[in-house]
Every structure is written in structure tokens, then in C-alpha cells.
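The values are calculated or read from the model by the stated rules, or taken from the named source; none is laboratory data. A quick note: this is a predicted structure, and the numbers were derived from the prediction, not measured. Note that each Cβ is placed from the backbone with ideal geometry, even for glycine, and that neighbours are counted across all protein chains shown. With ligands, DNA and RNA removed, areas are computed over all heavy atoms of the protein, side chains included. Shrake-Rupley method; radii C 1.70, N 1.55, O 1.52, S 1.80 Å.
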Amino acid sequence: MEDTAPHYTPSLEKSRGIIAHWGAGLDKRWAPLASSLSELSLSQWNVFKREGLAQSNALIGRVSSAERGLRAGMEALQQLLSPGAGVGREGCATGEGTGLLLLGEPGSGKTALLFAAALVAAGEGRGPVLFVARRALQSLPPGWKAGAARDPLKLQKIHFLYPPSLRELLQLLSSMHERAAQPPSLLLLDGIDEYLAETSGAQACAHLAALLVDTAAHFSGCSGSGCGLLVTMRGPAEAEPEAASLQLTVLQRYLPTCLWLELEPPDLAAAWPQDSEQCFRARLSSGPGFPKQEWSLSFGHDGEMAISQVSCQASQHPSQKAEPSSPS
Amino acid sequence: MTATLPTVLEEILGEIAATCGEASEVPDELLLALKFIFGPSAIQALDLVDRRSVTRVSSPSGRTIYQVLGSSGKVYVCFASCHYCSCPAFAFSVLRKSDSLLCKHLLATYLSLATGLCQDLSVSNEQLSGLLLAEEDQEQA
Ligand SMILES: [Zn+2]
């Protein structure tokens, strides 16, 4: 910051007085702020004095938002994958971001999930689905071929776009509003990490993420029924270069709802109904150090997907909570 | 603007929008609140608002972006739906160090909207695409 003027840091008592005055004098809506300030601990107050109210507000908000975030990711995914639910409709109404970030190692099923979401959205009788990736896929994900073959019209509604560089991806997103005859219902980007590998800058990463969010928001405004945004990224490795972890932090500013995908260990997958071709475990996390909820997703031959929550205690036996319709 | 703001800032902007009206004057207690939250950035942002530095740029497609003429004479781009500004302070203080919530340009944009002091400009779809791409700022990235 170029300005060297000291921050305005009144005493705790005086601040509470000011805020109580606002609360009494202006509007009842000040009350939540006043009460959260009065609950500040001494250490939080020190942060508050040092960093200003904004930071401590974030500090207070973090705990409750973690609890909300725990459910938000899976709800967002279920919304994307439930026919007729309407992608992001609820999010648009509240003005919240509708984006979801899927993280996972290669082979954890990120692309398969994107395809499942694409097919569901394409079958909803709304706008087209834009599937953006750096290169065409070598092989189709399990269950997808059968699902697409059953309904070729769905396939026609999925538009595949392969910008080969970050610059061309930014150009594509910037100019998408120029020619979209019908606003898309879903914007998918598979492998954002492949584009971010071209840059180490936080600004470039933020620019890409902000363009994605802004583009989806623009189309949501056009269609009135919402445009979902789903982005996949290779999960950060153990020994993470600083640039990549900064990029993930920046991405999560714009896509705060995220799901971590882990391939189901083989012995657990064996416990699933035999017609399931592949199981994925989705580990939902809202940040390091926060409790995680695990969900299992299974794809059948026909592309049908089953979601079930894995309870913490019985995590060795996810099949106990699987679809009750499975025979045997 | 649909970007998610901290509740406290939303409250202040709501109050400003509700109380300013024709007079375009922000009540003292709200100015105090802004200064309380944003420190010196608040004054700089209000200065930008006073100089009518924020322009809402729209194209026939309906896509919108905000341009802010910085105090140095450089023009920065702020997005309508999420917190993004093309200025170096945003990259450094907000993205990299996370020690401020918004840069003065984003704050000025929100304040201009709340006080109704935003300029308006219509451009072609292609021109708006160019602004979204922010080609002239590539070298900073
Ligand atoms: Zn800025």
C-alpha cells in the first residue's frame, strides 16, 4: 500500500460503543455485526486492531462458513446431476456463486463427473452445454458411451471447445457473449491446472477464475434459469510448489465450493452392486483442519449415478448406505 | 453487482444507497464505518467517487464491466460479478498477501453504485470482449 497513514484503531470499548450507536440509531440490520463484535475474544480483538474489521469479520465467518461449506459442495453436485433440478437456479436467486471446483488426482473421476453433469444438463431441455478442455479426450469415461448412445440428441447439445493455450482460453471466455445465440445451461472446464501451468502469477490465475465466474453469471442473467459452472483441477501434491498452492488459494476465492475426489479403494468398490462399473469417493472439504464428509458415487453401465453418504464411523462399509434397490 | 461482499460492507453500502438520495452526501457515521473497515483505502476510494472515476461499460449482449480511472491516470478494469481488479495492488495485497479485502478501485465501484455516481458508457460486443481480456495489462500478469 502506498499510503502510510495509520489505520483507525479505536479501543474495543469505544468501537462497541460506536457499533451499538449504529445499531440503535440506524437500522436493525446492524445487530448481527454488533453481537459478533461483542463476542470477539482478546486474540481476535488484536487481529481486529491490526488488520481492521474486515479481517476479523472473515475470522468470525470462517467457522460457520466451514460448516455450511461442508454441505454446499455435495448439494451443488447433486443439483448439477439431478435431472430437472435446474443448474444453479437457487444460487442465482440468492446472488451466490454457482461454481464448483472438483479436485483430485489423475484417474479419480473428475472428467467422468463432468461428463455425467454434461449429459444431465443436456437432457434438461435448456441451453447447450459448453465443455472446455485443453485437448480432446483419449477415451470416454465409463458409462458415458452407453448413456450418450441411448440419446444422441443429448450429445448434439454438448459443444466441445479445445483452446490450446491460456491466452486462447481467455480470449474464448472474453468473447463468448458475442455469439451465444442461446445462453448455455452449463459451463465446464476440464483441467484448469493445465492452463495455469503456463503462468505463476496470482493475477493471471485470478483473471481466468474471475472470467469463468463472470461469464457464467452473464449467461445466468441472460437465460433466467441459471448457468452452472464446474471446473476440475488436479489436486495439489504433497510437496507443493509455492506457486501452485497460491494458485489454488486464488481459485478458491472465486470457486469457494470444492469437492475432493478420491478413487474408491478396490476392496470397497467390490462391495458395491456388480453392475457398477466404477465407484468414486468424494471427500468434501471446506479447508484444511475442518471436518470432512465423505460421499460415494457409483456409475453404472448406462451412465446412471448413485450418490450415498459414507458415515464417519462405518467408512469401511459404504455399501451399507448404498441404494436400497440393489438386489442380492 | 452480485459479488458476495462481507455482510458489514453490504450493510454500509445499503445504508449509503438508502440515505444518500439526491444529495449524494454520505453521512458521517457511515464514512467513519468505511474508514474503520478499510483504513486509508476508504478515503482514496471516496476520492475516486468524488472525481466520477467509475464508469459502467455495457454492450448489446448485456455483458457489463466497470472501468476505474486510477489516480495515476491508468485505467483499471473491475468485474461486475466477483471481486477482480486488474491493478497491481489487488494482485499484491488482496490475492497474494490476503491482508486487504478489496482494492480502492473495487471499493470505489461499490460506492459509486451505492451513491448513484457511476458514469455509463455503451460499447460494441467486441470492444467489451477486449476490456474483459484486458490485453494492455498482460505484461503485469
Ligand atoms: Zn484495483
Please compute P(r) over all alpha-carbon pairs of the stretch B:7-140, binned at 10 Å starting from zero, and give each bin as a whole-number percent. 12, 43, 34, 11, 0
Average beta-carbon neighbours from other chains, 10 Å sphere, peptide B:68-80: 1
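Given a 1.4 Å probe and heavy atoms of the protein chains only, how would you sort A:Lys110, A:Lys157, largest accessible area at the top? Before the final figure, lay out the partial values.
Working: A:Lys110 25, A:Lys157 50 Å².
Sorted descending by solvent-accessible area, the residues read A:Lys157, A:Lys110.
Total Å² of accessible surface buried at the B-A contact, 1.4 Å probe, nearest 100? Numbers along the way, then the final one.
Working: alone 7910 and 17740 Å², together 21130 Å².
Interface between B and A: roughly 4500 Å².
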For B:Ser98 and A:Phe160, what is the calculated FRET efficiency with R₀ set at 25 Å and r taken between the beta-carbons, to the nearest 0.05? 0.10
